[in-house]
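Bear in mind that the values in this text are calculations on the coordinates, not laboratory data. Source: prediction; values computed, not measured. Quick reminder, even Gly has a Cβ in these numbers, built from the backbone with ideal geometry, and neighbours come from all protein chains shown.
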Amino acid sequence: MEAFTRKLWAKQDQHPGDRWRLFRAVAAAFPATRVLYPGSYVDLAPSFVFPDVTYVDVDRRAARFFTDEAGVREIIASHDGPPSPRFRFVDADYTAELALAEASFDLLISLFAGPVSEHCARYLRPGGWLLANTSHGDVSLAAIDPRYRIVAVIVAEGDEYAAVWDDVEAYLAPRSSLRYSREEILRLGRGVPYRRSAHAYLFRRELL
């Protein structure tokens, strides 16, 4: 493994295993096969859980990180994950059209990366799931997008995470009567403050 790869991964995994535990909880709720992770940077944790992950980013450090394929495979192999996991890195801006087949992924990940739900919905198959957090307002965008329907939230339970299925709409109840439009959310880069918080939200891709 190259020193650069090791250093970047150590910084990414500064809370050791946290993302791994998150994706384990997601996989327990929805055992996806093909996963798309726009704005991934060097977060390899999905490959510790899911068998086929496509990472997308424009960061030059991420591109260099993934060129060390042997080092990346070493990191993945050090976790008790799926046998012979496949991964691919796409050096591209996810807000532009990607050279990926539409409706070909089971799970779309949006964590701290902006409006992924807007730009990458085309790649998520109907019945597939979007995992998003409230960063940059992407949960709020998905909540008003007819292509998505909330089905569960991920909450922290001590050092672990778990899916909650009951009364999930309550997690989208605003703290005030103020309503943000799609345009306002995109302009402000933040979402609606909610009365109840969750670590992440799971939406189902509807057939429209």
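Some values worked out for this structure:
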quantity	calculated
Distance between the stretch 76-150 and the stretch 158-177 - C-alpha centres, whole angstrom	20
Rough spin-label spacing in nm, given labels placed 7 Å along Cα→Cβ, for Ser176 and Asp159	4.0
Value of Rg to Rh for the stretch 26-140 (Rh from inverse mean 1/r over Cα pairs, i.e. Kirkwood)	0.94
Over the chain: helical MRE at 222 nm, DSSP H runs n ≥ 4 each giving -39500 (n - 2.57), nearest 500	-7000 deg cm²/dmol
Simple label model, 7 Å out from Cα along Cβ direction - Ala28 to His15, nm	1.8
Net lengthening on full extension, Glu206/Ile144 (0.36 nm per residue, minus Cα-Cα)	21.0 nm
Estimated translational D of the chain in µm²/s (Stokes, Kirkwood radius over Cα pairs; 37 °C; 0.692 mPa s)	188
The stretch 66-134: relative contact order in percent, alpha carbon pairs under 8 Å with at least 6 residues between	29
Label point at Val151 placed 7 Å out along Cα→Cβ; residues across the stretch 96-121 whose backbone nitrogen lies under 12 Å	106-108
Percent antiparallel among DSSP beta bridges (both partners in the stretch 3-205, rounded to 5)	45
Protection proxy ranking of 52-64, 69-81, 173-185, 126-138 - average other beta-carbon atoms within 10 Å, highest first	126-138, 52-64, 69-81, 173-185
Added length on full extension, which subtracts the Cα-Cα distance from 0.36 nm per residue, Asp166 to Arg190	6.1 nm
Net charge over other residues, Cβ less than 12 angstrom from the Cβ of Leu131 (K, R count +1; D, E count -1)	+1
Nearest-0.05 FRET efficiency for Ser84 and Arg6, computed from C-beta distance (R0 35 Å)	0.95
Kirkwood-Stokes translational diffusion coefficient of the stretch 106-208, alpha-carbon pairs, 37 °C, 0.692 mPa s, µm²/s	240
